[in-house]
Structure formats: C-alpha cells, structure tokens
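Taking it in order: structure first as structure tokens, then the write-up.
The values are calculated or read from the model by the stated rules, or taken from the named source; none is laboratory data. Everything numeric in this text was worked out from a predicted model, so none of it was measured. Note: ideal-geometry Cβ built from the backbone for every residue, glycine included; neighbour counts use all protein chains shown. These accessible areas exclude ligands, DNA and RNA; they are computed on the full protein's heavy atoms, side chains included. Shrake-Rupley method; radii C 1.70, N 1.55, O 1.52, S 1.80 Å.
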Amino acid sequence: METVGGADEQKNSGLAELRRVSRKAHEAVDEAFSRFELADPQSYGDFLTAHARVLGAAEAYLSRHAASLPVWRPRAELLKDDLRQMGLPVPAVQAECFPESDGTAMGVLYVLEGSRLGGRVLSGRVGEGLPRAYLSAFHQKGEWPAFLERLGQYLDESDAVRRQAVTEGAVATFALFRQSAERQD
C-alpha cells in the first residue's frame, strides 16, 4: 500500500507531518501484506479478500463525506469483480469504525488514494490469467499530485483538531488494512 509523497510534500508542512506521523502504521501494513504471493492464485485470493473487508467500509464512509472531499474514484466494485472472477465470495466488510468527521475522511482518502501507487507496482506481480482490475486502477494523469495539493492545503488551513482528525483517519485506515491482512480465516 504505497503512499509516496514528492516535492509537493516537502513544501507543504502539514503533508510532511501527516506522512511522518503515519509512517509506522504504513510500514506495518506493508509488512502484513508482504506475506501474500500474488502469483499464487490462493494467496492472491487471500490478498484480495483482505482488501475487500476494509475497502468497502472505507468507501461507504467516504461517500457520506463526498461533498467535502476531492473527487475520487471508488474501486470496491472492481475488487468484487476480481474476487468473483476467481470464484471467491465477497467477504462482509469490517464494521464501521470511523468517527464522522471531514478531517477523518481526508485521512481515509489519503490512504486509499496512496494505495493506487502500490497497486501499480503490485499489479505486475499478479499471476498470469488472474484478474487485476482492482490493482490496475491507477491514478489518471495528474490525479495524485492534485490530490496531494488539495490535502496539503486542507492541512495547512486547518486548526490542530482538524489536522489531528486527518492523521487519526489515516492511521486508523492503515490499522484496519493491517488487521485484515493478519486475519487467518
């Protein structure tokens, strides 16, 4: 779940701070998901299932905050289609666990949009003939820098409470993905 910054982050103190504070949670997610072998159909199916348990709930939450968020493209249906093509059930999503806050929603969106960068790398590791629509839903040209610009502006124009909500949203989202990856059911 790669969330890589760039030059925009360095000139944007709020964004740099978000990345610094959420780094350990991000690294824990990367570690938890590193156990999956995407070329192996069983392991890849487990990987997609772990994502599906969280993504649906996160996107449903973001939909309730759409008016205050940058434009984003959901991927839950792509993920469900990939699972169905593999003959796997779509799992129940994790219970709602985010507080209703526009700041929290920005943090959740930061993680989901950042994961598209990781998807670009991971899609190349998916086994031949396995569906990869979810991982192949990359950013369109300019989307990631535009999102970082908007997020950075939001952080820099917000008070400490709203900035903290963004950080908590990001850390909570990373934690949900990590917990889902670590499940053994």
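Name the pairs: first residue in the stretch 113-137 and assigned to a helix (DSSP H, G or I), second residue modelled with pLDDT under 95 and crowded, with 18+ Cβ neighbours inside 10 Å, Cβ to Cβ under 6 Å, at least 6 apart or on different chains?
Within 6 Å, the pairs are GLY114/THR3; SER115/MET1; GLY118/MET1.
Please find, within the stretch 98-134, the residue that is farthest from the chain's Cα centre (by Cα) out of those that are over 26 Å from TYR44 (Cβ atoms) and among the hydroxyl-bearing types (Ser, Thr, Tyr).
SER101
State yes or no: is GLU27 at pLDDT below 95 and closer than 28 Å to ALA146 by Cα?
So GLU27 does not fit the description; no.
Could you go through the stretch 109-130 and let me know if any residue there is surrounded by fewer than 16 Cβ atoms within 10 Å (Cβ to Cβ), among the basic types (Lys, Arg) and modelled with pLDDT under 95.
Looking through the stretch 109-130, at least one residue is surrounded by fewer than 16 Cβ atoms within 10 Å (Cβ to Cβ), among the basic types (Lys, Arg) and modelled with pLDDT under 95.
Residue check, GLY56 against (1) at pLDDT 95 or above; (2) not in a loop (DSSP other than H, G, I, E, B); (3) not aromatic (Phe, Trp, Tyr), all met but one. Which one?
(1)
Show the residue pairs that are 6+ apart or on different chains and have beta-carbon atoms under 6 Å apart, the first residue being within the stretch 61-86 and within 21 Å of HIS139 (Cα to Cα), the second being of a type in the set (Asp, Glu) and open to solvent by 60 Å² or more (accessible area, probe 1.4 Å).
So the pair list comes out as HIS65/ASP102; SER68/ASP102.
Which condition does ALA57 not pass, out of (1) touching a helix residue (DSSP H, G or I) at 6+ places or on another chain (Cβ under 7 Å); (2) open to solvent by less than 30 Å² (accessible area, probe 1.4 Å), if it passes all the others?
Among (1) touching a helix residue (DSSP H, G or I) at 6+ places or on another chain (Cβ under 7 Å); (2) open to solvent by less than 30 Å² (accessible area, probe 1.4 Å), the lone unmet condition for ALA57 is (1).
For the stretch 139-181, which positions are outside any helix (DSSP H, G or I) and either open to solvent by less than 30 Å² (accessible area, probe 1.4 Å) or touching a helix residue (DSSP H, G or I) at 6+ places or on another chain (Cβ under 9 Å) (or both)?
Listed by number, the residues that qualify are HIS139, SER158.
Restricting to the stretch 90-103, name every residue that is closer than 21 Å to ALA146 by Cβ and open to solvent by less than 30 Å² (accessible area, probe 1.4 Å).
Within the stretch 90-103, just GLY103 meets the criteria.
Could you list, in sequence order, all residues of the stretch 28-49 that are in a loop (DSSP other than H, G, I, E, B) and buried (at least 16 other Cβ atoms within 10 Å of the Cβ)?
Listed by number, the residues that qualify are PHE36, LEU38.
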